[in-house]
Amino acid sequence: MANFVLRVYGGLQSLIQSIRLCICVFLDSIANVSYPYMWSFDTRIRSLTHVPKHIFFTGGLNSHNASKRVSYSRRLSAILAAAIDGGVKLFTLYSSHELWHFEEINALLLSLTNELKRLGYTPFISLAVKTVDTQLFKSGTESTESDDESDGLLTPLNILLLSPAARPGNFSRADAIIQLLDIRNSHGSYISHLAQYAGKDFSYSNMVEGFHGLAMDTSGHFIGYPDLYLSFSKYQIPQVHNCMPWMLRCAMIFMCPPIRHYNVQSFWRDLVKYNKARQRRADITKNLD
């Protein structure tokens, strides 16, 4: 009898959670229709006291299906563009079970370019496969000056897209960085990477050389652990499997619906939740002093 009651209780909890999720998705879809024509993300985010500086995305970000890949890229690009417009400069996109392929990266690059243009920017997005040319953004900015008058009204924006195999470098010229991580950068790969230095004399710089996600920006301009961890899953379970432990050190983990049901309004709602949680933490810390 007790087991039956527990099963019924668990089923009711799941049903209530599903209904609540469907309501949130429906309301977010309605509110998102007016973006960016009737409200600006940049204006809204100014009302928040605490804004994440580094946002970590994971859970079903990529797909082998062409139509789904385009849809996911558009939704993710809209969120990234809104966050960049709001002042966030560092992002990590982690594929915990698959590799990032060229088709997915290219779709993301094209979608992000279109979204930023829609928000009034002239984006120059550079994809760094292994090494980064520090003069890239200078030539990109100069190229925008030769555009027609309509493009001259747009704000130039330099964005660096780092592949999972990219090496650390001086990225201070970039206005925003989006680093892609996958199973090649997982915790297991990290342990294997450290094993080759067992019993040998090595420096920290030599140890992290070639391993993505540790200290990518040598200039110190973009250093920082993720503040907000957004996990997309229909099961509402955080996708932390194989994630590097230092990426979870300071982040608040939010469970989100699948990326196909997530939009800019949903992202704004999570930022409001993040702001309230950080404010509660600050108030508690202040009262303890």
Name the residues in region 230-289 that are in contact with a His (Cβ under 9 Å, 6 or more places away or on another chain) and of a type in the set (Ser, Thr, Tyr), would you?
274
Return yes when residue 15 is within 25 Å of residue 228 (Cα to Cα) and aliphatic (A, V, I, L, M) and no when it is not.
no
Tell me which residues, restricted to region 150-171, are under 23 Å from residue 122 (Cα atoms) and at pLDDT below 80.
150, 151, 152, 153, 154
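The values are calculated or read from the model by the stated rules, or taken from the named source; none is laboratory data. Values in this document were obtained by computation on a predicted structure and should not be read as measured data. Quick reminder, even Gly has a Cβ in these numbers, built from the backbone with ideal geometry, and neighbours come from all protein chains shown.
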